[in-house]
Structure formats: C-alpha cells, structure tokens
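Let me begin by presenting the structure, written as structure tokens, before commenting on it.
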Amino acid sequence: MKLINIFFFFLLLLAGCKSSKEIHNPTLTISKNNLLPASLKNWYQKDYINDTIPGISLEKWYQLNREKPKSNVIIVAVIDTQIDINHEDLQGQLWINHKEIPNNGIDDDQNGYIDDINGWNFIGTKSGGYVVWNRYEYVRIIQKWGPLFKDKKESQIDSKDIYKYREYHRALKKYEEKGPSYKKWLKSLNYRIELYPIITDTLKYFFPQEDYTYKMLDSLYKKHKVNDKEFWQRRDGVDKDLGALIGCMMLNLELDQKDLEDIQNHQTQLDSTVNKNLKIDYNERLLIGDNPDILEKGYGNNNVSNNKAGHRSLQYHCTKMAGIIGANRENNIGIKGILQNVKIMPLSISSPGDVNDKDVAMAIRYAVDNGAKVINMSFGKEFSLRREWVTEAFKYAEEHNVLLVHCAGNDGVDIDKEPFYPNDTNFENFEEVCSNFINVGAVTNKLSNTFVSDFSNYGKQNVDLFAPGDQIYTTTANGGYTFDSGTSMSVPMVSGTAALMWSYYPNLTAAQIKQIIMDSGTAYDIEVILPGTKDKKVPFSELSKSGKVLNVYNAMQLAKKISKNKR
C-alpha cells in the first residue's frame, strides 16, 4: 500500500428551443493516450462528429462561419487572482481604461478608483502590495458570529437569526475537523525536514548516484519489513531506523516533493495555513485598510500584475482563464482563445484561503460599471458570510444585462445537498434569485463512464451544464503555457462562448444567452461514474439542469435564429 493512503492531509490551494443533436449510445472511447500531443493541446475545441473528440465544436464553427462580428469588442471581466499582464499571447487582448490618465494619482474618470488602467486589485494593500493569505470563510464566521451564538441552544435564538446560528455551528464543525488535521500535517512536514539530511546520506549507501525511484525504495522498504503503523509511531524521531528513513523518502516522492526545497516550500505554505488561514484573530483586512462591514469603492490598489520575484505564482490562475477566453488568435504563437475581439478585464480578489464576499460584490459592480458584458468567476467556497451582498451584486448585473459564469467546484459532491458559494439559489427550494448566472461542471476527453471529471461537483438544480475541464492547455504566468484541470478551466469556455455570441448578436439579453447555451449543448446518452464514488453509475443527463455539454457551433446557430426573431 502506498504511504499516501495513510497520510491524512488536505490540499492547500487552490471553480425554450429543442436541444441540439443528441448522441445516443456512443461506443467510441477517447483517452488522453489516444490523442497526439497536437490534438491534446486543443482537444476541447474539437467536434465529436467531425473529429471523434467530444469538444465544444469551436473549430467547426470557425471553419464554417464567414460572417463578420457586429460588435468591435466584448469586455470580459475575470474576477480571480492577479494576471501576467506581459504574457506574449495576451498582448492586445487586455482591457485598457482610456478614460484614466496613467499614474497621475487622480481618479480621472471619477469611477471611484484611482489609476485603474487595466482593472483593480481588491486585495491590494495601502503600501502597494497585496494580501497574500486570506482566512477561510468558516473562520471568519466563527469570529463574526461566535460572540452571538457561542454556548447557546437553538431554542434561545430569535427566528430571524436561525440561519446564522446554524451556519455558525456548521462552520465550527468544519474548523474542528480541519484545524487538527492541518496541524498534524505541519508536524509531519517538520519531522521530514529534520530527517532529510539523515535520509539522503543513508540512502547513498544503497544508491550512490541517488537515482532511486519510488518502486526501488518500496522494494527496499519491504525487505526491512517496516509496516505503516511502526513507521508512524517512529515519526517523532524516537526510532530512526533504516525502514523509517526509507518510508519517509517514499512519502516525499509520493507527494512529488523531490528535494528539500520542495518540502520546505510546502512547510512555508502550511505554516501560513495554520497561523493565518485558520487563525480566528488574524485580520487580513488591516493591510487593506477598508471597513469590512460596509460596501465601498476605492479600497485596494491598481496593481493587477505583481511581477516581483517569488510573487508570480499568484498570477497563474487568472492568466490561465484569460488565455482560454481570449489568447490572440492571429499572432501564430501559443494558443488560440475562444474569440479575438475581446478585452480581458482582470479584477483580483483571490489569494490562498477564501475570497471575501465584499470583494466579490464590489468586483462584480466594478465590472458592470466599466462595461463588461460577461463576468468569469472561477472561484468558490463552502460558506458565505455576506451572501446577501453577493446576491445584490448578481441582481445589479442582471439589471445591466451582464452574464455571470461560475465554476461548480472541485470536491466531487452534489452541490444541491452541500452548498457551494457564490450561487443563484437559496438551497431551501432552489428558487433562482436571478436569470443571468451559469454554473459549470467539468468533463474529460474520454467519452466513456469516466466522461465526467472525477473531481467535478454536480447537481440537477445547481449545475447548469458541463464543459471540458480536464487537461486543458492554456497560458500561464511567467510567459508560459501549461496543462491544467478543474471546473475553473470549464468556466472560461462558457464565458468566451457568451462573448462570441454577443459579438455577433448584440441584441440578445443575458437571460437569452444563458438559455441558448443550455438548450444548444450536446446531450450524450451515456452512463458515467458519479464523482466522489468508485463505480456508482448514473445517467450523465442527471448531473446538471440541462444534462448537456457546451457546444459553440450549436449555440451560434441558435443565437442567430433567436436574434433574427427579435427584429
């Protein structure tokens, strides 16, 4: 048994018309290994009928379309981390606020934000930096609502506060589960760092070139007959025999921590998790200098792309989203985004930990007020301290005909039963609070029982449709390109599609764009393994409201038809 199976840890970091043609009982299975590298890099843009790859049929639409877009540019706000503003494949694709004079310290356009040339950093600090660590939302809830509800029974609580009372206790339960686990993990890391010089020196006796693999160590480990229980009993350094040292290095390799620097980096992250993310009296807002209890403009700073050495990792996520949506299609380098005539507006709210509802609400309002038509939101959390602020922002976007696209999450759970925020329902009766919000799950390139990504959340009420989210090749920080997986990767495909639709059919409403995307998706009549289980199979159609996968070609055809009918 691999040692990781006994290592209890959690990941630190870090989303009206007849349907389109349905594919019934498909027999072709597509796997990563069956795709050539060139196809793997853009598999999600392929078409099932033409290419035998279950993508979003983007290339098919471009191959057959000869019309020019009616709108010169669509602004897509990406509410996320910071962005690599200098990436070669995003040049010309980023939003510029031409009403603002750069770096003059004046709010020239009087929108409440000084020198917001490319967007805004809502977790920017007064000193020009940014908040590196956010608390988890359940920690904020304990800090905020603890004085009201601690040591009280539900019968003592006013009816108007019952929801908060129950959320407080749900948060407290989460905290009591997570806190000890993270501390145990940190203790293990500290132990492994202490042992590392002894381990490497000892293993040189068996592997002078230090060229050992996990399999080779496993063989040596079994030879010395040190079982898991004995190893963990020794982890505090009481008995550092050979078997325990071998087992410790096996764990390092299992966790892809190949050298001491890797382990120390994880130690630094985990130490911050324990002492910041999980610390009830830690207040990250002190660095920002805002009032966390009111909605206000102007806090934060205009630094959406911190390029200091050691800080660029916080650009990775937003840069990936931006590339999928709008990487330059005409420069013959890198990748091709969903559409060319787009401007990406980066709005930073995210760092390790949970986003703050105030930042979510204010970023949405900023995007709406500054011309965005689509807002990409590849983030989420299990709790929401100020969900009413976010709901009000959703409605504000709806009033201004702006579409919100959000990730379903990566926990492999039914979010009809386990809340995932932000969302557009109240979870009591699943009544939608707005008509402009789309929640997106992730699928793979394997049209088989593993079609739905094993990490993807699902829900017949709270997930609207699926889009590719497994092994997606896109832009990343430091001017690079990479593969990544997650429902986060599915969101920009829907956001880009919505922007493409609006660029051709600007008379459509956000509600119509949402409905067209859902109605026009591809319905696959197959059974899939339910995420979070090993082998339980369910119809794919039961995992989302539409039961479908994004299809750009079909969406554009249906948008054209509905747009003509509106004239």
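The values are calculated or read from the model by the stated rules, or taken from the named source; none is laboratory data. Computed from a predicted model, the values in this text were never measured in an experiment. Please note: Cβ atoms are built from the backbone with ideal geometry, for glycine as well, and neighbour counts cover all protein chains shown.
What to note about this one:
- Residues that are small (Gly, Ala, Ser) and more than 22 Å from Gln315 (Cβ to Cβ) within segment 471-498 comprise just one, Ala498.
- Check on Asp354, among the charged types (D, E, K, R) and surrounded by 23 or more Cβ atoms within 10 Å (Cβ to Cβ): yes
- Matching option when the condition is at pLDDT below 95, part of a helix (DSSP H, G or I) and within 30 Å of Tyr282 (Cβ to Cβ), among Leu186, Leu217: Leu186
- Asp484 being in the same structural domain as Glu59 (by TED's automatic domain parsing), among the charged types (D, E, K, R) and surrounded by fewer than 24 Cβ atoms within 10 Å (Cβ to Cβ): yes
- Qualifying residue in segment 551-559 (condition: in the same structural domain as Asp84 (by TED's automatic domain parsing) and in contact with a strand residue (DSSP E or B) (Cβ under 6 Å, 6 or more places away or on another chain)): yes
- Filtering segment 551-567 to residues that are buried (at least 23 other Cβ atoms within 10 Å of the Cβ) and either modelled with pLDDT under 95 or part of a loop (DSSP other than H, G, I, E, B) (or both) leaves only Asn551.
- Taking residues in segment 307-322 that are in the same structural domain as Thr268 (by TED's automatic domain parsing) and loosely packed, with under 14 Cβ neighbours inside 10 Å, and partners anywhere that are modelled with pLDDT of 60 or more and not in a helix (DSSP H, G or I), not one pair has Cβ atoms closer than 8 Å while being at least 6 places apart or on different chains.
- Some residue of segment 353-371 being closer than 19 Å to Ile117 by Cβ and either assigned by TED's automatic domain parsing to the domain that holds Lys144 or not in a helix (DSSP H, G or I) (or both): yes
- Thr200 vs. criteria over 26 Å from Asn275 (Cα atoms), in contact with an Asp or Glu (Cβ under 9 Å, 6 or more places away or on another chain) and among the β-branched types (Val, Ile, Thr): yes
- Pick from segment 532-550, criterion touching a helix residue (DSSP H, G or I) at 6+ places or on another chain (Cβ under 8 Å) and either of a type outside the set (Ser, Thr, Tyr) or not assigned by TED's automatic domain parsing to the domain that holds Lys417 (or both), ranking: surrounded by the most Cβ atoms within 10 Å (Cβ to Cβ): Leu550
- Those residues of segment 266-301 which are in a loop (DSSP other than H, G, I, E, B) and under 23 Å from the mean Cα position of the chain (by Cα), in sequence order: Leu278, Glu284, Gly300
- Members of segment 197-223 that are aliphatic (A, V, I, L, M) and touching a helix residue (DSSP H, G or I) at 6+ places or on another chain (Cβ under 7 Å): Ile198, Ile199, Leu203, Leu217, Leu220
- Taken over segment 421-444, the criterion of being over 19 Å from Pro492 (Cα atoms) and either buried (at least 19 other Cβ atoms within 10 Å of the Cβ) or hydrophobic (A, V, I, L, M, F, W, C) (or both) is satisfied by Thr425, Phe427, Phe430, Val433, Cys434.
- Of the numbered criteria (1) in contact with a helix residue (DSSP H, G or I) (Cβ under 8 Å, 6 or more places away or on another chain); (2) among the β-branched types (Val, Ile, Thr); (3) within 28 Å of Asn72 (Cβ to Cβ), the one Val390 fails is (3).
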